Amino acid sequence: MLYAAVAVRSFRRFSTYRTATLAGVFTNSVFGVIYSYAYLALWHQRPDAGGYDATDAVTYVWLGQALLMTIALWGGGTTDDLAERIRTGDVAIDLYRPVGLIGWYLAGDLGRAVYHVLARGVLPTILGLVLFDIALPASPLAGAWFVVSLALAVVTSFAIRFLVACTAFWLLDQSGMRMLSGVLAIFLSGMTLPLVIFPEPLRSIALALPWASYLQTPADIWLGHRHGAGILAGLALQVLWAAVLMAVCRAVLAAATRKVVVQGG
Amino acid sequence: MAEVTAAVRGACQEYVWIAAMWVRSALAYPWSFWILVVGSALITLLDFVGLGLMFHTIPHLGGFGLREVALLYGASGIGIGVADLVIGSVEQVGLHVRTGTLDAMLTRPVPLLVQVCADRFAVRRLGRISQALVVFAYGAGSVDWTLAKVGLALVMVVSACLIFFSFFVAFSCIQFWTVDSTEFANAFTYGGNTMTQYPMTIFPREVLKGLTFLIPVAFVNWYPCLFLLGRPDPFGLPGWFAFVSPVVAGLTLTVAGLAWTSGVRHYTSTGS
């Protein structure tokens, strides 16, 4: 099981920076507190905005802070390594490995995501519970579906970050595209504001885009705003986007390896 | 005195040289450079759109209308924007310690703080400042301007820059002790900025007290803006708080200076 081995080593690699993890948890929690009060002020005036109640809104805030790193909202993860290797030309070595390049980096990124769920996700959630009495998953089943949904979110996010990294084949440096992609992800994932309180038609558009997969869909399953067929419909859209984007990744990589001369000749 | 002025002028000159070098280096990847400029303007634009969307749902937040919140948002945004442009790279001091580049900097005849701050100078951060200026101008419509208020607004913006300046430096100094704690400082710099984007009335009284007396970020915009808007303090704190932002800025600068010198004194190279 080569990919499992890659994932395990990636998990270990990200777990080396302990103080960084603690500092990150602290910062996420500070932002969790700020946004909680902002949302409480909003839901105090409109107790049913977006079909959420105040508890749902605050839970949504803390879920967002807990998942920020797991879904690599700002970019980052193993795709940053790839982009750097494209810039330096080292990607040539990745390309003649007897293993698929996409699978290699995806396995690494999943290992990273598991680490980030445990290290950056659990503590903020507990803090949210203590400080703001956030809601737990509506049922054990909802909890299980939440995990599935989160896994799909990571794959979707990986595919988008992979495509961004691949722009380095043509632009040499990914940082501009990485930032643009981060901007879109932050706004359209519902991290700035839950997508459910966006005004129509922005709301429907945002909910149909792949970024809804990052936070809004998993959060709605956690909160019990999706159940039964609603969960399946949400997951189906996530699977669809993940599959489409992974296919695009394959096509782009094929195009890049055919057309582009790697730096260094 | 003349020596001090000469030293400061020299430091500024050196800062500009290093910054210009980094601008040239960023232009080596022109596509990325321009996309970064656009992206950075977009990121702040969408941030304010998010706030606007909140007001789509409700008429006022914590008793403040959109224009009043825009005034708070803009003032805080200009403050952190300028501080981030000029001095934001100080966040990376832990990276310099870890990789050993700080040793090289220590041997150069340019003040260490100047080198660290000018490192990776990024013009794209102008994007945030221009957005904040636009939002501030929009918010200014909610103020009955008098000469005194214009003066106070200027004092407020300068103090805001200086307070965020000190936050960047002071909290980055922690990295002299624990190298990989960059994100810790973000809670106070960007966190402070995010807090002051909202009217303080959304927070409980204890939080406001903490933000006034402990981490004095409320002086960045809250107290001066209350005066500009002609509002009595909703928490019943004294009205003259509106005018002490420069004093607070002086205090935070002193603390930051002390933190920096003790951090540098504490520094031991990773190679030794």
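So here's what we get for this one:
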read-out	value
Cα extents of the stretch A:101-158 along the three principal axes, largest first (Å)	44, 23, 14
Between the stretch B:3-50 and the stretch B:181-252, the alpha-carbon center distance in angstrom	28 Å
For chain A, calculated [θ]222 nm from helices alone, where every DSSP H run of n ≥ 4 adds -39500 (n - 2.57)	-23000 deg cm²/dmol
Listed residue (B:V150, B:W177, A:V122) projecting farthest to the positive dipole end of the protein assembly as shown, Cβ model	B:W177
Relative contact order of the stretch A:2-259, defined on C-alpha pairs under 8 angstrom at six or more residues apart (%)	25 percent
Length-normalised contact order for chain B - Cα pairs under 8 Å, 6+ apart - percent	26 percent
Relative intensity, log₁₀ I(q)/I(0), of the stretch A:134-265 from a Debye sum that treats every alpha carbon as a point, q = 0.20 Å⁻¹	-1.12
Value in Å of the Kirkwood radius, where chain A supplies the Cα pairs that are averaged	19.2 Å
Accessible surface ranking that places the most exposed of A:R9, B:R124, B:R9 first, with a 1.4 angstrom probe	B:R9, A:R9, B:R124
Rounded percent of accessible protein surface that carbon and sulfur make up, the stretch A:197-265, 1.4 Å probe	69 percent
Between 0 and 90°, nearest 10: helix B:182-195 axis offset from chain B longest Cα axis	20 degrees
Karplus (6.51, -1.76, 1.60) ³J(HN,Hα), θ = phi - 60°, over the stretch B:68-79, in Hz, Gly and Pro reported as x	5, 5, 4, 4, 4, 4, x, 4, 5, x, 4, x
Kyte-Doolittle at least -1.0, axis length at least 30 Å by Cα - qualifying DSSP helices, chain A	A:18-45, A:140-166, A:229-259
Selected from A:G224, A:C166, A:V244, residue furthest toward positive end of dipole (chain A; charges at beta carbon)	A:C166
Computed over the stretch A:147-265: relative contact order in percent, which uses C-alpha pairs under 8 Å that are six or more apart	37 percent
Accessible area per residue in Å² at 1.4 Å probe, computed on chain A	42 Å²
Probe 1.4 Å, all protein chains present, accessible-area order of B:K209, B:K149, A:K259, largest first	A:K259, B:K209, B:K149
Solvent-accessible area of B:V135 with every protein chain in place, 1.4 Å probe, in Å² to the nearest 10	10 Å²
Rounded D (µm²/s) - the stretch B:58-187, Kirkwood Rh over Cα pairs, Stokes-Einstein at 37 °C, 0.692 mPa s	200 µm²/s
Reduced Cα scattering model of chain B, Debye log10 I(q)/I(0), q = 0.09, 0.10, 0.11, 0.17 Å⁻¹	-0.45, -0.56, -0.67, -1.38
Accessible area of the stretch B:212-253 divided out per residue, in Å², using a probe of 1.4 angstrom	42 Å²
Under 15 Å, Cβ to Cβ, from B:L45 - net charge with Lys/Arg +1 and Asp/Glu -1	+2
Net charge dipole size for the protein assembly as shown [Lys, Arg +1 and Asp, Glu -1 on Cβ; Debye, nearest 20]	860 debye
Accessible carbon and sulfur surface of the stretch B:117-165 relative to its total accessible area, %, 1.4 Å	72 percent
Gyration tensor verdict on the protein assembly as shown (Cα atoms; rounded if a/c is under 1.5, prolate if a/b is larger than b/c, oblate otherwise)	oblate
For A:F146, net neighbour charge (Lys/Arg +1, Asp/Glu -1) across residues whose Cβ lies under 12 Å away	0
Sequence of B:L126, A:L82 when ordered by accessible area, the most exposed leading, probe 1.4 angstrom	B:L126, A:L82
Choice from B:P234, B:P216, B:P111 with maximal GNM fluctuation in chain B (Cα, 10 Å cutoff)	B:P234
Peptide A:28-34 - average C-beta neighbours from other chains (10 Å radius)	5
Cα-projected label distance for B:H266 with B:Y138, points at 7 Å along beta-carbon direction, nm	4.2 nm
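The values are calculated or read from the model by the stated rules, or taken from the named source; none is laboratory data. Remember, it's a predicted structure, so these values are computed and weren't measured experimentally. In this analysis, Cβ positions are derived from the backbone assuming ideal geometry, glycine residues included, and neighbour counts consider all displayed protein chains. We work out accessible area using only protein heavy atoms, side chains counted, and drop any ligands, DNA or RNA first. Shrake-Rupley method; radii C 1.70, N 1.55, O 1.52, S 1.80 Å.
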